[in-house]
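A short write-up of the structure that comes next.
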6 protein chains.
Amino acid sequence: MADTENKAPESGAGIPVSWFPVPEESELPEGLRRLFSKARETVGFVPNVFRAYSFRPERLSTWFSHFKMLHEPTDNLSVAEREMIAVAVSMENGCLYCLVAHGAALREALGDPVLADRITLDYRRAGLDERRCAILDLAVKITNEPIECSPEDIEYLKGHGLTLEEVWDVIEIASMYNFTNRMSLACGKIPNEEYHALAR
Amino acid sequence: MADTENKAPESGAGIPVSWFPVPEESELPEGLRRLFSKARETVGFVPNVFRAYSFRPERLSTWFSHFKMLHEPTDNLSVAEREMIAVAVSMENGCLYCLVAHGAALREALGDPVLADRITLDYRRAGLDERRCAILDLAVKITNEPIECSPEDIEYLKGHGLTLEEVWDVIEIASMYNFTNRMSLACGKIPNEEYHALAR
Amino acid sequence: MADTENKAPESGAGIPVSWFPVPEESELPEGLRRLFSKARETVGFVPNVFRAYSFRPERLSTWFSHFKMLHEPTDNLSVAEREMIAVAVSMENGCLYCLVAHGAALREALGDPVLADRITLDYRRAGLDERRCAILDLAVKITNEPIECSPEDIEYLKGHGLTLEEVWDVIEIASMYNFTNRMSLACGKIPNEEYHALAR
Amino acid sequence: MADTENKAPESGAGIPVSWFPVPEESELPEGLRRLFSKARETVGFVPNVFRAYSFRPERLSTWFSHFKMLHEPTDNLSVAEREMIAVAVSMENGCLYCLVAHGAALREALGDPVLADRITLDYRRAGLDERRCAILDLAVKITNEPIECSPEDIEYLKGHGLTLEEVWDVIEIASMYNFTNRMSLACGKIPNEEYHALAR
Amino acid sequence: MADTENKAPESGAGIPVSWFPVPEESELPEGLRRLFSKARETVGFVPNVFRAYSFRPERLSTWFSHFKMLHEPTDNLSVAEREMIAVAVSMENGCLYCLVAHGAALREALGDPVLADRITLDYRRAGLDERRCAILDLAVKITNEPIECSPEDIEYLKGHGLTLEEVWDVIEIASMYNFTNRMSLACGKIPNEEYHALAR
Amino acid sequence: MADTENKAPESGAGIPVSWFPVPEESELPEGLRRLFSKARETVGFVPNVFRAYSFRPERLSTWFSHFKMLHEPTDNLSVAEREMIAVAVSMENGCLYCLVAHGAALREALGDPVLADRITLDYRRAGLDERRCAILDLAVKITNEPIECSPEDIEYLKGHGLTLEEVWDVIEIASMYNFTNRMSLACGKIPNEEYHALAR
């Protein structure tokens, strides 16, 4: 497969965006080229996770179909709160890519860069209310000791006003970032330089 | 949403298949009803992961589109070897559902129930060759200390005859079971009784 | 010592029963030959732990005298419940030998292979009542963080109807499997193939 | 059973020798009374582990038959080296009883209280030669990550001059202290005051 | 002591700078008032660690005398490299205060906010050369498993061109941040809002 | 620098007092020579931590100025209780130097060698009252999981009669021993032989 011969392009500071080869955008299926164009319009650049994951184009397409569903806001679990779960899990796993990219997304969603950075680095000391702490505590439990999860965890979040579907979302988002963190760490995905200055 | 009122059906021995409600199969979208029918034809029953996950029907559909791609065999990473990664990761996380369901799948794929059980419980002592041990060692590293992954891990598996795409598959399968293990553990998914006697 | 020159016999699938040499049965002291014969009568084969441990015949005899006492049932701690402690501890330590051998013993004791497998792999999700969960929780605490044990743990089990002698038994059985798990893992003891199909 | 009504006697400083009741010596079987007498002759007092364990007299007898075998010296694994394994394992588990009692035994065996204390608290910085470090490293591996043990560990100790029987002894002693540490911690056994001043 | 009645002032976003009371600056000893003034001149504000620590004025003075020595650059251990040790240790401990404050200091010292953020969140994937990785690997080892340190660690850094004094500095800085991280986490010290936008 | 050429002197049993060179006492600044003299008068010898740390004379001076403040007794936190924090933290980190030196200091402060040794090795089983256990539990939490600290920990100790300043002292002493433990472990500091027999 010719495109696997490509070297990964740089992510800035001389570091390639991935330890795996990255195909030319022009060689990608139309759906992905459209995804990349849309990203350029909305965020201003193509996130490196797309470029790195495009080594396996169909995998990227199907994974992203699933992934994006999880960030759709609902009444009691906002866009920002879904990003909070992303960064809380990523901090436990120490995932550079997700901390930088979703740290930026959280700054944007909250419109408060200081609060967003505090949540990213330690949600416990960020002054969050009890409801948000309960959500993030469960995300961390799912990450670090999932075998300890119990029906009581579900009841506890329901008691903080989440619907059953929203409790499920907390679980599915936390589980998803345990997937993406590992993909990013084991594939050596490096976040775009642009993220660092976004929404500051 | 009416179907969330349903109680989860039993998985045998008086335990429900999930801590979340499970909709009636008749209420599910056509695509999922077809998936359930096909499962009845091929394995003889509907895996409880489908029933439990159908609480969120679209999520099930998109996740499964991604998941099934990862079990497609290639020249140097067989159906059985992909199941080995599933069970090695699931043993690290202590995931009842995946150990039972993929333990059965591994017995079937290998046609050797003793070897399959040994790999499921401790691949290190199962008499595997160096290539398979290298694959499973990386799957465990991705599970337990993903931050320690490095380009050398990729080179090491290439040195054992895997293509770059297959090394990526090892990473993506290991990462995926870190997703499914957590979903199963935090949603209380219980494996079908039928799995225990399969392929013995 | 001539018998240390022996190679360990196979446990099936080409794997020797131990990383240490295994003496010929005919060379063993009479007491052990009698033990082996009795095992053939009751379980139908000589458990590999006997063959592997017979590298040090007197050790095997004295250890087994102690070990077998711990599986004698009492009013509130049945044969099955003692095996549950064995598998719960062995799952924490990841001991292939004990998970296979005592998983089989638990299937036999319960007469319910599905329930037995569930307890072996994750007693927390096996639908056990509060009393049995309390027993296994203490066994796991003794295994993973024994320094955290306190007089309250003893009171708690007494509150679930165990006598003081039975609470002691929970502690002694859990401690014993922390011995046998390590012996099996560090000596490379491999369970007999026959166990896998027993009591299914 | 009348003797279970007894309170445990004090171990000094107002702390009982066990969280379980301790029977009167006069009520014990003859074999144990002889064991206690012999201990008074040789060490000058009855070790609290005997008194605490005598809550279950037959257990004490059979366990001790096994335990004492493991401290018999051989050509390349002396009395002192066997005590070193005891304290290295006990330090990993944080076992008060065994650190005090076997710390004293090690002082006696070495005739060098400073070296003995150093080994007890951190054998890595005690100036031991490579052979002894290799023995204690394996004991610690068996304690903390037994699943990582491999045939290479056995070869490594053989390469330092131990016979196969002596390598087995290292494994069996390390495993045994993982039993006794847990028994002592979970039963609340407190070491005799006399140990602290012994062999200084 | 009257000043202990003071409430801690806000650090922004409604969070107090400390879980302990914070005295008025005017009540502090002259030396500290001078330190605060100098901070206003050089960084533009008084770091919250000074305000929080001034609950115990003499402690702050003596600790800071020690602390500031450790950031004096030498030929082979620059200001930036000393800050790298600070953030690498703080990431292991998850210390919000130090990650924010020393993340800013590292951005300033490097004049490269992207590289600085990458090092702060995961130095392993920041494209550092072998010498800097060796320094940070030792800092992490000192943080997570100090008992495993050995004379070889010292030789290894000397082999990368550090003097013995500079190797000592790596150790002393890493140890110091294990002090400051714990002080910040256990006293609830919150970093100034200003740090987040500094040197971007 | 000539004095770095010096070999470290022996600490007894052929082990040098440090993995770093140790300057001649005569070459040290006057302040340190006075400190050494005073130590000879009060404890009878120069603690090896002084000799080892004198490789960096100014560091030793400033660190010790800070360190000694933390051991000044107050109404509700005595000299002995401050030493208890030292040994509880040092046991968690497995620090040979601090366990030996502060174990001796605790024996002296308590005038009860048995109680002091018990606290040093496992304060949980030493028969301490609830107040002292609460203090040491917080010291251990600060050591092992500082991110879990919360304002409730402060309230809890206040509820046991400590002033806010004394709660701060518990935190600062526990944090300080996380510094000194790492310095001692990573620099290979070995305690003086004299400590082992002190105050017995």
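The figures follow:
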read-out	value
Gyration tensor (Cα) of the protein assembly as shown, equivalent ellipsoid semi-axes in angstrom	44, 44, 29
Eligible aspartates and glutamates near residue B:68 by straight Cα distance, threshold 14 Å, same-chain separation 8 or greater	A:58, B:83, B:169, B:172
Only Lys, Arg (+1) and Asp, Glu (-1) charged, at Cβ; the range F:10-76 dipole about Cα centre in debye	40 debye
Computed FRET value (nearest 0.05) for residue B:65 with residue A:112, which takes r as the C-beta separation and R₀ as 25 Å	0.10
Three-way shape label, the range C:79-197, alpha-carbon gyration tensor, a/c 1.5	oblate
Nearest-to-axis residue of chain C, judged by beta-carbon position, where the axis maps C onto E, in Å	C:147, 9
Exercise: per-residue mean of other protein chain Cβ atoms within 10 Å, B:62-69	6
Mean Cβ neighbour count within 10 Å, used as a protection proxy, ranking E:184-197, E:29-42, F:52-65 highest first	E:184-197, F:52-65, E:29-42
FRET efficiency, 1/(1 + (r/R0)^6) with R0 41 Å, evaluated for residue B:25 and residue C:133 via beta carbons	0.80
Relative contact order for chain B, counting Cα pairs under 8 Å that sit 6 or more residues apart, in percent	28 percent
Largest-first principal axis extents of the Cα set of chain E (Å)	54, 32, 28
Average other protein chain Cβ within 10 Å of Cβ, residues C:33-39	0
Between the range E:106-176 and the range C:77-117, the alpha-carbon center distance in angstrom	47 Å
Farthest positive-ward along the range B:150-190 dipole, Cα basis, beta-carbon charges - from B:170, B:180, B:154	B:180
For residue A:177, net neighbour charge (Lys/Arg +1, Asp/Glu -1) across residues whose Cβ lies under 11 Å away	0
For the range E:41-80, the fraction of alpha-carbon pairs in successive 10 Å shells from zero, as %	25, 43, 28, 4
Extent along principal axes [Cα atoms of the range D:4-70; Å; largest to smallest]	33, 24, 22
Student exercise, the protein assembly as shown dipole from Lys, Arg, Asp, Glu Cβ charges, in Debye to nearest 20	0 debye
Pairs beyond 26 Å (Cα-Cα), from E:141/F:189; B:158/D:141; F:158/F:189; A:141/C:141; C:189/E:141; E:38/F:38	B:158/D:141; F:158/F:189; C:189/E:141; E:38/F:38
Using θ = phi - 60° and Karplus 6.51 cos²θ - 1.76 cosθ + 1.60, couplings along the range C:178-186 (whole Hz; Gly, Pro as x)	6, 6, 5, 4, 5, 4, 5, 5, 7
Inter-probe distance in nm under a simple model that places probes 7 Å from Cα toward Cβ, at residue F:156 and residue F:33	5.0 nm
Per-residue mean of C-beta atoms belonging to partner chains within 10 Å, peptide D:142-154	5
q = 0.12, 0.25, 0.28 Å⁻¹: log10 I(q)/I(0) that the Debye formula gives for the range C:99-151, counting C-alpha atoms only	-0.31, -0.99, -1.09
Choice from F:166, F:145, F:24 showing the highest fluctuation, given a GNM over chain F with Cα pairs closer than 10 Å	F:145
Other-copy label distances relative to residue A:144, 7 angstrom Cα-Cβ extension, nm	1.2, 1.2, 1.5, 1.8, 1.9
Within a Gaussian network of chain E (alpha carbon springs, distance under 10 Å), most fluctuating of E:176, E:91, E:69	E:69
Cysteines not pairable in chain C (beta carbon separation under 4.7 Å absent)	C:133, C:149, C:187
Residue of B:97, B:123, B:156 that the Gaussian network model of chain B assigns the largest fluctuation, springs spanning Cα pairs under 10 Å	B:156
Exam field: residue D:30 pseudo-label spacings to other copies (7 Å along Cα-Cβ), nanometres	2.4, 8.1, 8.9, 8.9, 9.8
Distances in nm from residue B:108 to the matching label points in the other copies, shortest first (labels 7 Å along Cα to Cβ)	3.0, 4.3, 6.3, 6.3, 7.2
Radius, Kirkwood style, for the range D:51-115 when every pair of distinct Cα atoms is counted (Å)	12.9 Å
Ranking of F:153, A:169 by count of other Cβ atoms within 10 Å, fewest first	F:153, A:169
Label-to-label distance, nm, for residues given as residue D:148 and residue B:78 (7 Å Cα→Cβ offset)	3.1 nm
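Readers should treat all values here as calculations from the given coordinates under stated rules, not as data from a laboratory. Because the structure is a prediction, the values reported are computed rather than measured. Here Cβ is always computed from backbone atoms with ideal geometry, including for glycine, and neighbour counts include all displayed protein chains.
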